[in-house]
């Protein structure tokens, strides 16, 4: 194992277990609940579980934690598999479900009843909550806690047979109602739910609780290291209690690590669902969402997400990572691989008055300034072109090196032009510039050696492709929206701006999701869903530079 992958504490534990002979193979699992889409926090768990196994020639299970059928859906199942594959990981023949073990889990429940370590409680949910106590007060035993083994077994079997309506009984572990650890105060093991399950159909009307099903599923699959986030640290004594008393043939070890929390984002599926329900976003894969599907649709490369979680590190300390760290990971990948193209997001018409009418020249433009092997492309040039409105200023300061009245600028891969006249409408708004071009200054072949400080991009007027471009930004205005009472109060009203742009013709052949750099503007990709041959839609993946860096650092300091 190399130094760069052995530095975190989990890899050190695994390395020591292999060296000591405690394990001769590493087996991990990624256990998502199919009740929503995966998000950036899950990327950490996916990379860690699949990563540590692969580094040691081990195996990883993709196991659905499908014990809550009321919130689960086959749509989420398919999305999870697609996301894990896209990130670059494969579970081979190890796709499983907690529901695959429902019979064995039920048998384990009966075993606890036989051992006198589980009982059927007939208190209501509110009464159970009241009896549970608080962090400062012990809980109280249920009046049904001392039912005989025979009575408990009879009731549990009748629960399975469907004799009782929802909520009448639950099966609880008999541990210690005075324990300072709330998870050990006779936790529920089974509840009655007369509802169809997305994987098992109507075969069951009782369903195991998460801690019970998760622990034993790990044991059944021979998991060596059950890697969980820190909120499960207080659950570990219960995890071990199940293993101590049921004594399965294999005993996994639970190890906790800190969550990956991303600034200006939320990762609670419930809160993400609120955004969807309130139509703040278009769905789970909205490009502003911190879901894997959303980031994928926006154009983030899978390698950037893997690099991001690697930079975050595996620790025991909760951390809030700046959004800029993720965006810089995206820039690093795209800067090397994304070809360059020209697009004008806020078009201003320019007429070259001394350029022949009807003439079209094909200019040669580099596809990547640092990778000549990617070649060149042809870009049409004509009498009428579009430039960015921000690249012209009527009352320009002295150091404004773009276009201004009487000023000159070079058009990327084309000619030097001079602004001769500004045309305005009746409202005084600039609608057109009349310019002249210097025929001796064509890039690469010009005879003039004149040097111009400013260079701007452009697209040909007649040949330009119309397109809708979506400019995405942070969804929230505060670094940690999880700390506010109502996330709707801290929504960024500028998280999405839409402009009608003009693109160079070569962008018509771009594949959906394929990233390019719009020169001087940022990285963009064609949207994977909202496109047709007659209507192009592009998403901004990330800007060229981190314009939020200073603001974000100040806000993060204030947050802490």
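The values are calculated or read from the model by the stated rules, or taken from the named source; none is laboratory data. Keep in mind that this is a model prediction, so the values were computed, not measured. Here the Cβ positions follow ideal geometry from the backbone for every residue, glycine too, while neighbour counts run over all protein chains shown.
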(request) May I ask you to list the residues in segment 478-530 that are in contact with a helix residue (DSSP H, G or I) (Cβ under 6 Å, 6 or more places away or on another chain) and crowded, with 20+ Cβ neighbours inside 10 Å? (result) 479, 481, 487, 515, 523
(message) For segment 238-262, which positions are more than 28 Å from residue 24 (Cβ to Cβ) and assigned to a helix (DSSP H, G or I)?
(response) 238
(message) Would you confirm, using the coordinates I've provided, whether residue 407 is closer than 30 Å to residue 461 by Cα and loosely packed, with under 15 Cβ neighbours inside 10 Å?
(response) no
(message) Out of the residues in segment 289-338 meeting the condition of being within 30 Å of residue 376 (Cα to Cα) and surrounded by fewer than 18 Cβ atoms within 10 Å (Cβ to Cβ), tell me which one is nearest to the chain's Cα centre (by Cα).
(response) 303
(request) Go over the candidates 150, 222 one by one and state the one that is on the phi > 0 side of the Ramachandran plot and either part of a strand (DSSP E or B) or out of contact with any helix residue (DSSP H, G or I) (no Cβ under 6 Å at 6 or more places or on another chain) (or both). (result) 222
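Which one of 179, 196 is assigned by TED's automatic domain parsing to the domain that holds residue 248 and surrounded by 15 or more Cβ atoms within 10 Å (Cβ to Cβ)? So that I can check it myself, show each step before the final result.
Numbers: 196 fails: surrounded by 15 or more Cβ atoms within 10 Å (Cβ to Cβ).
The unique qualifying residue is 179.
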(message) Just to be sure before I move on: is residue 402 touching a residue at least 12 places away in the same chain (Cβ under 8 Å) and farther than 22 Å from residue 346 by Cβ in the structure I sent?
(response) no
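Here is a yes/no grid of residues against (1) assigned to a loop (DSSP other than H, G, I, E, B); (2) in contact with a strand residue (DSSP E or B) (Cβ under 8 Å, 6 or more places away or on another chain); (3) farther than 24 Å from residue 541 by Cβ:
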{"site": "264", "(1), (2), (3)": "yes, yes, no"}
{"site": "304", "(1), (2), (3)": "no, no, no"}
{"site": "314", "(1), (2), (3)": "yes, yes, yes"}
{"site": "325", "(1), (2), (3)": "no, no, no"}
(request) Considering only residues that are more than 24 Å from the chain's Cα centre (by Cα) and within 19 Å of residue 346 (Cβ to Cβ), look in segment 519-543 and name the one that is modelled with the lowest pLDDT. (result) 536
(request) Kindly list, by first and then second residue, each pair from a residue in segment 236-259 that is free of Cβ contacts under 8 Å to residues at least 24 places away in the same chain to a residue that is crowded, with 17+ Cβ neighbours inside 10 Å and not in a helix (DSSP H, G or I), limited to pairs with Cβ atoms under 7 Å and residues at least 6 apart or on different chains. (result) 236/254
(message) Within segment 452-464, take every residue that is in contact with a helix residue (DSSP H, G or I) (Cβ under 9 Å, 6 or more places away or on another chain) and part of a strand (DSSP E or B) and give me the one that is farthest from residue 261 (Cα to Cα).
(response) 460
(request) Go through segment 465-495 and give me each residue that's part of a loop (DSSP other than H, G, I, E, B) and without any contact (Cβ under 8 Å) to a residue 12 or more places away in the chain. (result) 484, 485, 486, 493
(message) Out of the residues in segment 442-464 meeting the condition of being under 20 Å from residue 405 (Cα atoms) and in contact with a strand residue (DSSP E or B) (Cβ under 8 Å, 6 or more places away or on another chain), tell me which one is modelled with the lowest pLDDT.
(response) 450
